[in-house]
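K.L.:
Please see the structure below; I have some questions.
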Amino acid sequence: MTHSFDKEYWDQIWQGERAASMGASQPNPHLVRHVRGLTPGTALDAGCGAGAEAVWLATRGWQVTAADIATAALARGAARVTAGGGASRVRWVEADLSTWEPDARYDLVTTHYAHPAMPQLDFYDRIASWVAPAGTLLIVGHLHHDGHRHRETGPPASASATAAGITARLDPATWAIATAEEPHRTVTGPGGREVSIHDVVVKAHRRH
């Protein structure tokens, strides 16, 4: 199945039957592990969805810009941060990340499974350019498999990447790669069914 990943697509997702479970998700464990030791500053959560990661960052002292194309996702995020605290440290922005340009650079730019209407690696190039000097880039995405993919359960190939594919786009004169992993983890899905998640995680520090 081919997805356009445009505003209409994401609005339908966030108004559909999956929205409730997506909106109640916990912050991504890779974010928790890789950001916990950083000094809080300004952060951009690119493709924030219902804001689990943005709220987690805000409650730990980060000043967060949470950007997403889906209006319903942002509404869920705003309600979530009000209930969980940190509301004054999150700015919600409705934005098409394939064309939007921020008005500042950030000490941390992070994204978790976001798929805008552009090639996946080009999207990672865009968000990398929004990291301030001495800042951190954290990408968590769907791992691309060269072999067979279950069409019913796996992400489209166009929405996935490999660690090597991402790090090859980061100029070593500008970036120091701290993490380039392709970890697997198991989560409990709908109906208590265990689901295997195949991730790609890249963390890099901007030299200048």
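The values are calculated or read from the model by the stated rules, or taken from the named source; none is laboratory data. These figures come from a predicted structure and were not determined experimentally. Virtual Cβ from ideal backbone geometry, glycine too; neighbours counted across all protein chains shown. For the accessible areas, the whole protein counts, side chains as well, though only heavy atoms, and no ligand, DNA or RNA atoms are used. Shrake-Rupley method; radii C 1.70, N 1.55, O 1.52, S 1.80 Å.
K.L.:
Express the relative contact order of region 82-138 as a whole percentage, based on alpha carbon pairs under 8 Å and six or more residues apart in sequence.
P.N.:
42
K.L.:
Placing +1 at every Lys and Arg Cβ and -1 at every Asp and Glu Cβ, with all other atoms neutral, what dipole size does region 71-208 have around its Cα centre, in debye to the nearest 20?
P.N.:
360
K.L.:
If you don't mind, there's one more thing I want to ask. Taking 0.36 nm per intervening residue step and subtracting the Cα-Cα distance, what contour gain separates VAL195 from THR167 on full extension?
P.N.:
So the chain would gain 7.4 nm between VAL195 and THR167.
K.L.:
Can you tell me the FRET efficiency between ASP103 and GLU182 if r is taken as the Cβ-Cβ distance and R0 is 25 Å, rounded to the nearest 0.05?
P.N.:
0.15
K.L.:
What number comes out for accessible area per residue over region 102-208 if the probe is 1.4 Å? Units Å², please.
P.N.:
Accessible surface, normalised per residue, equals 50 Å².
K.L.:
Using a 1.4 Å probe over the heavy atoms of the protein chains, calculate the carbon and sulfur portion of the accessible area of region 90-208 as a whole percent.
P.N.:
Percent of accessible area from carbon and sulfur atoms in region 90-208: 51.
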